[in-house]
Structure formats: structure tokens, C-alpha cells
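What follows is a set of notes on a single structure, which appears directly below.
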Amino acid sequence: MGTIGIRAVVEAVCNEKKAAGKNLEDKIESLIEGGWLSPTQAQFLNKSRVLGNLAAHEIKPPSASTLQIALNIIENLLQTVYILPKAAESMEKK
């Protein structure tokens, strides 16, 4: 299911950024403390995390529109953490 994959992406980013915490919710909060995310972005990630939990543990697939929103949240995460910092860095060099 797509939401399980989305949760895996969040886990991978947290692991790569060495986010501290005993669970994924704590690790997402750690990304705020590390300056990688705003509190609002973390709130969105926590909602997508809950969707992943429901899909994995209760076998409840999300609607297509909910899945699209979750994908947008993950795209925002990847943009914020990886793509935009590199783009800003290259702008500074020009």
C-alpha cells in the first residue's frame, strides 16, 4: 500500500538526518529541532505517519484523494530537506 511506502520514506529521511527519538513521532519532532522542518510540516508528516500505521496494522487503505495529499506531503519533505538546500547552495555560488 502506498501509505506504508510513504511512512518508509519518512523513516529513511529521519535515519539519514540522524533524528533522535524512540519512535517516528519523536524523530519527526527532532527534525524541527535540527532546523530541517517547520512545526507545520512536522504536523503534516505526523498525519501521514498515522495513515501508514492504519494501513500496516489495520489494513485500511486510504482514499485516492487522501493518498494524493500524503504524496504531496512527502514531496514537500524531500523538497525541503534535499532539493531546495542544494538549489540555494548553487545560487550562492553564482
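The values are calculated or read from the model by the stated rules, or taken from the named source; none is laboratory data. Keep in mind that what you see is a predicted model, and the values were worked out from it rather than measured. Note that each Cβ is placed from the backbone with ideal geometry, even for glycine, and that neighbours are counted across all protein chains shown.
With respect to (1) at pLDDT below 95; (2) under 12 Å from the mean Cα position of the chain (by Cα); (3) not β-branched (V, I, T), the lone exception for L31 is condition (1). Return a yes/no flag: does region 76-94 have any residue that is modelled with pLDDT under 90, under 12 Å from the mean Cα position of the chain (by Cα) and assigned to a helix (DSSP H, G or I). No - not one qualifying residue is present in region 76-94.
Would you mind stating whether I74 is in contact with a Ser or Thr (Cβ under 8 Å, 6 or more places away or on another chain), of a type in the set (V, I, T) and touching a residue at least 60 places away in the same chain (Cβ under 8 Å)? Yes.
A search for C-beta distances below 7 Å between a residue of region 79-94 that is on the phi < 0 side of the Ramachandran plot and any residue that is in a helix (DSSP H, G or I), counting only pairs 6+ apart in sequence or on different chains, returns T80/Q41; V81/V13.
Checking every residue in region 65-82 against the condition of being surrounded by 11 or more Cβ atoms within 10 Å (Cβ to Cβ), under 20 Å from A8 (Cα atoms) and touching a Pro at 6+ places or on another chain (Cβ under 6 Å) gives zero matches.
Scanning region 18-52 for residues that are over 18 Å from T66 (Cβ atoms), of a type in the set (K, R) and buried (at least 16 other Cβ atoms within 10 Å of the Cβ) yields one hit, K27.
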